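Notes follow once the structure below has been shown.
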Amino acid sequence: MLKSRKELDAELDGTARAWLDGALAEAAHDATARAQADGGAGTTPPDSPYASPPWELRYAAAGRHCGPAHADSVRSLLLIEARAPLPSVTRLYEQGTAAERRAVLLTLDRLGLGDRALPLVEDALRTNDTRLVAAAVGPYAAAHLDPHAWRHAVLKCLFTGVPVDAVARLGERARGDAELARMLRDFAAERTAAGRDVPADLRTALALALTTPAAPTEES
(Lines give C-alpha, C1' and ligand atoms only; values in the text may rest on other atoms or scores of the structure.)
Protein backbone atom coordinates (compact mmCIF):
# COMPACT_ATOMS: atom_id res chain seq x y z
CA MET A 1 0.00 0.00 0.00
CA LEU A 2 1.31 3.43 -0.90
CA LYS A 3 2.16 5.68 2.02
CA SER A 4 1.46 9.37 2.37
CA ARG A 5 4.14 12.01 2.81
CA LYS A 6 3.23 12.27 6.48
CA GLU A 7 3.64 8.53 6.97
CA LEU A 8 6.99 8.57 5.18
CA ASP A 9 8.26 11.45 7.28
CA ALA A 10 7.47 9.43 10.40
CA GLU A 11 9.40 6.41 9.16
CA LEU A 12 12.40 7.87 7.31
CA ASP A 13 15.55 9.05 9.04
CA GLY A 14 16.79 12.61 8.74
CA THR A 15 19.06 11.96 5.78
CA ALA A 16 16.33 10.24 3.81
CA ARG A 17 13.79 12.97 4.64
CA ALA A 18 16.20 15.64 3.43
CA TRP A 19 16.74 13.72 0.20
CA LEU A 20 12.97 13.37 -0.28
CA ASP A 21 12.46 17.09 0.36
CA GLY A 22 14.94 17.92 -2.38
CA ALA A 23 13.48 15.38 -4.79
CA LEU A 24 9.92 16.64 -4.34
CA ALA A 25 11.10 20.25 -4.72
CA GLU A 26 12.67 19.35 -8.06
CA ALA A 27 9.47 17.61 -9.15
CA ALA A 28 7.35 20.62 -8.15
CA HIS A 29 9.75 22.98 -9.96
CA ASP A 30 9.41 20.94 -13.16
CA ALA A 31 5.61 20.99 -12.90
CA THR A 32 5.62 24.77 -12.42
CA ALA A 33 8.01 25.30 -15.34
CA ARG A 34 5.83 23.25 -17.66
CA ALA A 35 2.70 25.10 -16.53
CA GLN A 36 4.39 28.45 -17.23
CA ALA A 37 5.58 27.23 -20.63
CA ASP A 38 1.98 26.29 -21.34
CA GLY A 39 1.18 29.99 -21.12
CA GLY A 40 -2.21 29.43 -19.53
CA ALA A 41 -3.56 27.62 -22.58
CA GLY A 42 -4.91 24.85 -20.40
CA THR A 43 -2.88 22.04 -21.92
CA THR A 44 0.54 20.66 -21.18
CA PRO A 45 3.03 21.29 -23.99
CA PRO A 46 4.65 18.27 -25.61
CA ASP A 47 7.66 16.87 -23.82
CA SER A 48 10.72 15.61 -25.66
CA PRO A 49 11.03 11.84 -25.14
CA TYR A 50 14.78 12.38 -24.75
CA ALA A 51 14.77 15.16 -22.15
CA SER A 52 14.90 13.87 -18.59
CA PRO A 53 14.31 16.49 -15.86
CA PRO A 54 16.32 16.07 -12.64
CA TRP A 55 13.43 14.59 -10.66
CA GLU A 56 13.39 11.57 -12.99
CA LEU A 57 16.92 10.73 -11.88
CA ARG A 58 15.68 10.94 -8.30
CA TYR A 59 12.88 8.54 -9.23
CA ALA A 60 15.39 5.87 -10.16
CA ALA A 61 17.41 6.46 -6.97
CA ALA A 62 14.47 6.32 -4.55
CA GLY A 63 15.21 2.83 -3.26
CA ARG A 64 18.85 3.62 -2.62
CA HIS A 65 18.11 6.77 -0.60
CA CYS A 66 14.83 5.89 1.13
CA GLY A 67 15.01 2.10 1.28
CA PRO A 68 13.31 -0.55 -0.88
CA ALA A 69 10.32 -0.74 1.47
CA HIS A 70 9.50 2.93 0.81
CA ALA A 71 10.51 3.14 -2.84
CA ASP A 72 7.02 2.65 -4.32
CA SER A 73 5.57 5.41 -2.14
CA VAL A 74 8.44 7.83 -2.80
CA ARG A 75 8.26 7.27 -6.55
CA SER A 76 4.50 7.72 -6.51
CA LEU A 77 4.83 11.04 -4.66
CA LEU A 78 7.40 12.22 -7.21
CA LEU A 79 5.08 11.42 -10.12
CA ILE A 80 2.19 13.22 -8.46
CA GLU A 81 4.26 16.26 -7.40
CA ALA A 82 5.66 16.58 -10.92
CA ARG A 83 2.18 16.21 -12.40
CA ALA A 84 4.08 13.83 -14.64
CA PRO A 85 3.11 14.13 -18.31
CA LEU A 86 2.74 11.07 -20.50
CA PRO A 87 6.26 11.27 -22.02
CA SER A 88 7.83 11.19 -18.54
CA VAL A 89 5.56 8.38 -17.37
CA THR A 90 6.29 6.36 -20.51
CA ARG A 91 10.02 6.97 -20.27
CA LEU A 92 10.20 5.94 -16.63
CA TYR A 93 8.23 2.80 -17.36
CA GLU A 94 10.09 1.76 -20.49
CA GLN A 95 13.56 2.47 -19.11
CA GLY A 96 12.88 1.36 -15.55
CA THR A 97 13.47 -1.76 -13.53
CA ALA A 98 10.50 -3.94 -12.56
CA ALA A 99 10.24 -2.01 -9.28
CA GLU A 100 10.25 1.33 -11.10
CA ARG A 101 7.63 0.09 -13.55
CA ARG A 102 5.44 -1.12 -10.70
CA ALA A 103 5.45 2.34 -9.10
CA VAL A 104 4.35 3.88 -12.40
CA LEU A 105 1.46 1.42 -12.69
CA LEU A 106 0.39 2.01 -9.09
CA THR A 107 0.18 5.76 -9.68
CA LEU A 108 -1.48 5.98 -13.10
CA ASP A 109 -4.94 6.63 -11.67
CA ARG A 110 -3.64 9.76 -9.87
CA LEU A 111 -2.04 11.50 -12.85
CA GLY A 112 -5.02 12.65 -14.90
CA LEU A 113 -3.79 11.01 -18.11
CA GLY A 114 -7.13 9.68 -19.28
CA ASP A 115 -6.77 6.48 -21.26
CA ARG A 116 -3.49 7.54 -22.90
CA ALA A 117 -1.36 5.39 -20.59
CA LEU A 118 -3.23 2.17 -21.41
CA PRO A 119 -0.29 0.85 -23.49
CA LEU A 120 1.73 0.62 -20.27
CA VAL A 121 -0.97 -1.45 -18.58
CA GLU A 122 -1.25 -3.66 -21.65
CA ASP A 123 2.50 -4.18 -21.67
CA ALA A 124 2.51 -5.19 -18.00
CA LEU A 125 -0.31 -7.65 -18.60
CA ARG A 126 1.74 -9.35 -21.33
CA THR A 127 4.42 -10.24 -18.78
CA ASN A 128 4.41 -13.07 -16.27
CA ASP A 129 5.89 -10.84 -13.56
CA THR A 130 3.31 -11.07 -10.79
CA ARG A 131 4.44 -7.74 -9.32
CA LEU A 132 3.60 -5.97 -12.56
CA VAL A 133 0.40 -7.89 -13.21
CA ALA A 134 -0.92 -7.07 -9.74
CA ALA A 135 -0.07 -3.40 -10.14
CA ALA A 136 -1.58 -3.28 -13.64
CA VAL A 137 -5.07 -4.37 -12.53
CA GLY A 138 -5.54 -1.47 -10.13
CA PRO A 139 -7.97 1.47 -10.34
CA TYR A 140 -6.56 2.79 -13.63
CA ALA A 141 -7.27 -0.49 -15.42
CA ALA A 142 -10.72 -0.69 -13.82
CA ALA A 143 -11.53 2.75 -15.19
CA HIS A 144 -10.07 2.45 -18.68
CA LEU A 145 -9.69 -1.14 -19.90
CA ASP A 146 -12.45 -2.15 -22.30
CA PRO A 147 -14.52 -5.22 -21.33
CA HIS A 148 -12.58 -7.63 -23.54
CA ALA A 149 -9.17 -6.54 -22.26
CA TRP A 150 -10.42 -6.40 -18.67
CA ARG A 151 -11.72 -9.99 -18.81
CA HIS A 152 -8.36 -11.17 -20.09
CA ALA A 153 -6.68 -9.25 -17.26
CA VAL A 154 -8.75 -11.23 -14.74
CA LEU A 155 -7.72 -14.48 -16.44
CA LYS A 156 -4.10 -13.33 -16.41
CA CYS A 157 -4.30 -12.98 -12.65
CA LEU A 158 -5.65 -16.51 -12.33
CA PHE A 159 -3.01 -17.87 -14.71
CA THR A 160 -0.09 -16.22 -12.88
CA GLY A 161 -1.39 -16.73 -9.35
CA VAL A 162 -2.11 -13.08 -8.60
CA PRO A 163 -5.00 -12.95 -6.08
CA VAL A 164 -8.17 -11.59 -7.65
CA ASP A 165 -8.39 -9.26 -4.65
CA ALA A 166 -5.79 -7.20 -6.54
CA VAL A 167 -8.32 -6.49 -9.30
CA ALA A 168 -9.85 -3.10 -8.57
CA ARG A 169 -13.65 -2.94 -8.75
CA LEU A 170 -13.85 -6.68 -9.42
CA GLY A 171 -17.28 -7.01 -7.88
CA GLU A 172 -18.62 -4.10 -9.90
CA ARG A 173 -17.21 -5.07 -13.29
CA ALA A 174 -17.59 -8.85 -13.02
CA ARG A 175 -21.15 -8.88 -11.73
CA GLY A 176 -23.51 -10.36 -14.30
CA ASP A 177 -20.80 -10.61 -16.99
CA ALA A 178 -21.91 -13.67 -18.97
CA GLU A 179 -18.87 -13.59 -21.26
CA LEU A 180 -16.50 -13.54 -18.29
CA ALA A 181 -18.42 -16.46 -16.79
CA ARG A 182 -17.96 -18.42 -20.04
CA MET A 183 -14.24 -17.68 -20.13
CA LEU A 184 -13.83 -18.70 -16.51
CA ARG A 185 -15.70 -21.97 -17.07
CA ASP A 186 -13.52 -22.73 -20.09
CA PHE A 187 -10.39 -22.00 -18.07
CA ALA A 188 -11.60 -24.25 -15.24
CA ALA A 189 -12.37 -27.04 -17.72
CA GLU A 190 -8.88 -26.77 -19.21
CA ARG A 191 -7.30 -26.99 -15.77
CA THR A 192 -9.42 -30.00 -14.83
CA ALA A 193 -8.65 -31.79 -18.10
CA ALA A 194 -4.95 -31.25 -17.47
CA GLY A 195 -5.26 -32.71 -13.98
CA ARG A 196 -4.57 -29.38 -12.33
CA ASP A 197 -6.41 -27.76 -9.43
CA VAL A 198 -8.93 -25.03 -10.12
CA PRO A 199 -7.91 -21.94 -8.12
CA ALA A 200 -10.32 -20.89 -5.39
CA ASP A 201 -10.09 -17.36 -6.77
CA LEU A 202 -11.62 -18.60 -10.02
CA ARG A 203 -14.68 -19.74 -8.13
CA THR A 204 -14.86 -16.32 -6.45
CA ALA A 205 -14.77 -14.50 -9.80
CA LEU A 206 -17.21 -16.94 -11.38
CA ALA A 207 -19.71 -16.48 -8.55
CA LEU A 208 -19.63 -12.73 -9.18
CA ALA A 209 -20.02 -13.17 -12.92
CA LEU A 210 -23.06 -15.39 -12.37
CA THR A 211 -24.70 -12.90 -10.03
CA THR A 212 -27.57 -11.00 -11.58
CA PRO A 213 -27.00 -7.24 -11.29
CA ALA A 214 -29.41 -5.52 -8.97
CA ALA A 215 -32.26 -3.80 -10.77
CA PRO A 216 -32.31 -0.02 -10.39
CA THR A 217 -34.79 1.21 -7.82
CA GLU A 218 -37.28 3.94 -8.51
CA GLU A 219 -36.89 7.06 -6.45
CA SER A 220 -39.97 8.01 -4.59
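The values are calculated or read from the model by the stated rules, or taken from the named source; none is laboratory data. In this text, all values refer to a predicted model and were calculated from it rather than measured experimentally. For the accessible areas, the whole protein counts, side chains as well, though only heavy atoms, and no ligand, DNA or RNA atoms are used. Shrake-Rupley method; radii C 1.70, N 1.55, O 1.52, S 1.80 Å.
Tabulated data for the structure shown
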{"quantity": "Per residue Cα convex hull volume in Å³ - calculated over segment 143-195", "calculated": "79 Å³"}
{"quantity": "Length-normalised contact order of segment 115-212 in % [C-alpha pairs under 8 Å, at least 6 apart]", "calculated": "25 percent"}
{"quantity": "Reciprocal mean inverse distance between Cα atoms of segment 59-191 - Kirkwood radius, Å", "calculated": "15.4 Å"}
{"quantity": "Accessible area in square angstrom per residue, the chain, 1.4 angstrom probe", "calculated": "53 Å²"}
{"quantity": "Within the chain, helix-based [θ] at 222 nm, where runs of 4 or more DSSP H residues each add -39,500 (n - 2.57), nearest 500", "calculated": "-20000 deg cm²/dmol"}
{"quantity": "Apportionment of accessible area to carbon and sulfur, segment 65-220, percent (1.4 Å)", "calculated": "51 percent"}
